[in-house]
1. If the label for A:Gln26 sits 7 angstrom from Cα along the Cα-to-Cβ line, what are its distances to the same label in every other copy, in nm to one decimal, shortest first?
2. Can you give the mean number of other chain Cβ atoms that lie within 10 Å of the Cβ atoms in peptide A:162-175?
3. If you add up the charges near B:Phe42, with Lys and Arg at +1 and Asp and Glu at -1, over every other residue whose beta carbon is less than 9 angstrom from its beta carbon, what do you get?
4. Counting only other chains, and only Cβ atoms inside 10 Å, what mean value do you get across the residues of A:142-154?
5. Given +1 on the Cβ of Lys and Arg, -1 on the Cβ of Asp and Glu, and no further charges, what dipole in debye does the range A:174-301 carry about its Cα centre, rounded to the nearest 20?
6. What's the minimum Cβ distance from chain B to the axis relating it to A, in whole Å, and which residue gives it?
7. Under a crude label model (7 Å from the Cα following the beta-carbon direction), how far is A:Lys220 from B:Gln69 in nanometres?
8. Using alpha carbon centroids, what distance separates the range A:117-196 and the range A:41-59, in Å?
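The values are calculated or read from the model by the stated rules, or taken from the named source; none is laboratory data. Given the structure is predicted, the values throughout are model-derived calculations rather than measurements. For neighbour counting, all protein chains shown are included, and Cβ atoms are generated from backbone atoms with ideal geometry for every residue, glycine included. Only protein heavy atoms, including side chains, enter the accessible area calculation; ligands, DNA and RNA are left aside. Shrake-Rupley method; radii C 1.70, N 1.55, O 1.52, S 1.80 Å.
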2 protein chains.
Amino acid sequence: MIRHGSVFREIAQNCWDPVTRAEECQRDGVHVQVLSTIPILFSYWASAEHAHDLSRYLNDHIAGICRAQPANFLGLGTLPMQSPKLAIKELERCMDQLGLAGVQIGSHIERTGEPDWNLDDPHVVEVLQACASLNAAVFVHPWDMMGSSQMPRHWLPWLVGMPAETARAMCSILLGGILEKIPALRMAFAHGGGSFPGTIGRIEHGYNCRPDLVATNATKSPRETLGSFWVDSLVHDQDALKTIMRLFGENKVALGTDYPFPLGEQHPGSLIDSIEEFSPTLREKLRGLNSLDFLGPSATKQIRQHHQVSP
Amino acid sequence: MIRHGSVFREIAQNCWDPVTRAEECQRDGVHVQVLSTIPILFSYWASAEHAHDLSRYLNDHIAGICRAQPANFLGLGTLPMQSPKLAIKELERCMDQLGLAGVQIGSHIERTGEPDWNLDDPHVVEVLQACASLNAAVFVHPWDMMGSSQMPRHWLPWLVGMPAETARAMCSILLGGILEKIPALRMAFAHGGGSFPGTIGRIEHGYNCRPDLVATNATKSPRETLGSFWVDSLVHDQDALKTIMRLFGENKVALGTDYPFPLGEQHPGSLIDSIEEFSPTLREKLRGLNSLDFLGPSATKQIRQHHQVSP
């Protein structure tokens with residue numbers, strides 16, 4: 001992949017080829033994959049019309065793969081979030097025509113030459129409201145990482161910037177009171193919630209000690225909202241996984257892989273498997289059932305048609 | 001305090017008046033405070049000469065308070081880090097003439113119109129080398145937070161940006177191999193290491209999966225460096241405190257308060273006190289002895305002259 005004339009990353013055909021992906025699923029014992037667009041293609045920086053065109057192309061591709069192998073693939077679309085109007089138009093197509101389970105959005109919406117929209121910006125909230133109305137799951141993945149230009153070494157945009165982006169997204173949603181305004185909205189955040197779980201003490205303390213700054217839009221504190229959204233399990237550390245289970249609840253942590261990228265879990269589920277005290281019931285939740293709850297009744301029905309899934 | 005013509009923060013006399021501070025110490029059962037400059041005064045954005053002048057003024061003030069009440073106050077100086085030459089000159093004055101225990105520096109050195117220096121930049125390393133030679137402790141506090149201009153609501157520069165800054169500083173030191181190059185250097189990081197402890201799984205995985213990007217300067221992985229530096233205890237959460245104890249070791253976590261600011265711990269030591277399973281010996285380490293180890297033999301000697309301290 002070339003970006004602005006320089007190599008961004010070498011990728012292999014497991015990025016786009018469903019046959020290769022199915023083979024690797026079989027190798028890894030994965031029954032179902034949820035497909036989504038790689039964040040670098042969000043293209044929120046582009047003109048809304050161009051991003052709309054690109055979204056349609058990408059969503060058609062994902063939907064085609066899902067239609068061809070409904071036992072193995074579910075899909076999340078991407079939206080031209082820089083235009084709520086076009087985003088909702090494409091969202092309706094994703095849900096009504098393409099049969100996708102929802103969408104994936106960035107941790108904020110970058111806008112060329114203008115301030116970013118955070119996820120509690122009214123423009124974004126308009127789209128989130130439509131997602132709730134259309135029963136679309138919303139997965140938030142970090143991108144356009146803060147501080148990137150000032151941290152050129154050691155892959156720090158990925159190791160420090162991405163977790164901060166996810167915390168920024170979660171704090172915007174929670175402190176913006178968005179889940180209070182749209183209680184039907186199903187949201188999940190990547191990488192176990194990034195830096196949010198490890199700094200929740202600080203965030204909660206901020207809410208309590210400076211309500212004039214922090215508690216202006218939400219009537220619930222961050223801790224009081226725990227359990228009303230999902231995070232994935234991609235934390236690469238047993239203690240961190242136990243922490244997010246304790247914080248978010250056993251029903252709100254869902255297997256995350258970042259497949260097929262190196263920062264992902266090379267053998268999906270191995271961190272969950274490595275924790276001996278997790279019961280078989282809990283493992284089933286973490287490995288799939290919680291994802292189905294997040295993805296919604298239609299996705300759940302599709303998967304249950306093809307696989308034996310415990311209740 | 002006015003900054004660029006607008007109100008930055010209202011502060012009270014406990015910010016500058018040693019009598020008020022001593023009274024509040026007595027109220028809170030604090031025997032010794034380590035004084036340092038509020039990060040907004042680092043002034044790395046200014047000309048080096050102006051920052052040097054300001055550093056001298058601030059350091060003289062802190063040193064004067066410490067000299068007047070050696071039983072109650074130890075001090076850390078501030079340096080004009082934008083000029084390694086002037087920084088080292090002022091560092092020598094701090095250590096040789098002012099009797100300070102070391103210095104406090106930012107999580108990176110911002111430079112007007114130029115890329116930031118991260119803490120593994122050769123200019124910064126030159127100063128850190130001098131700190132080790134002069135036996136100066138180095139306390140790293142986040143400032144000039146990444147993403148601030150794009151997160152105007154909910155105090156997110158403090159709640160998300162600061163923890164990310166501390167992780168950026170720690171990753172720069174560890175992945176830059178700085179503690180391998182300067183093993184005598186005593187460094188401590190604020191706020192329990194910010195977002196570093198909660199994302200160490202991701203950081204370590206990055207080191208292992210993309211050594212070409214992450215392991216270019218360090219021969220030890222981040223996990224292998226744990227125990228070679230200090231963090232403070234200011235995490236506002238029992239589980240987070242237990243996590244940093246487990247990660248960094250019982251000898252490397254030192255009471256942090258952010259006194260007298262609202263994001264600090266209003267009753268210093270209350271989080272430590274709240275964890276019943278901590279033994280009396282461990283509590284003494286957390287509440288003071290680990291700080292003395294970090295601050296060095298001269299500070300330790302001064303305090304032992306005035307207070308009965310367990311060995």
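1. 8.0
2. Rounded to a whole number, the mean comes out at 5.
3. -2
4. What the average comes to for A:142-154 is 6.
5. The calculation lands at about 420 debye.
6. Its Cβ sits closest to the axis: B:Gly198, 1.
7. Going by the 7 Å Cα→Cβ label model, 4.5 nm.
8. Cα centroid of the range A:117-196 versus Cα centroid of the range A:41-59: 19 Å apart.
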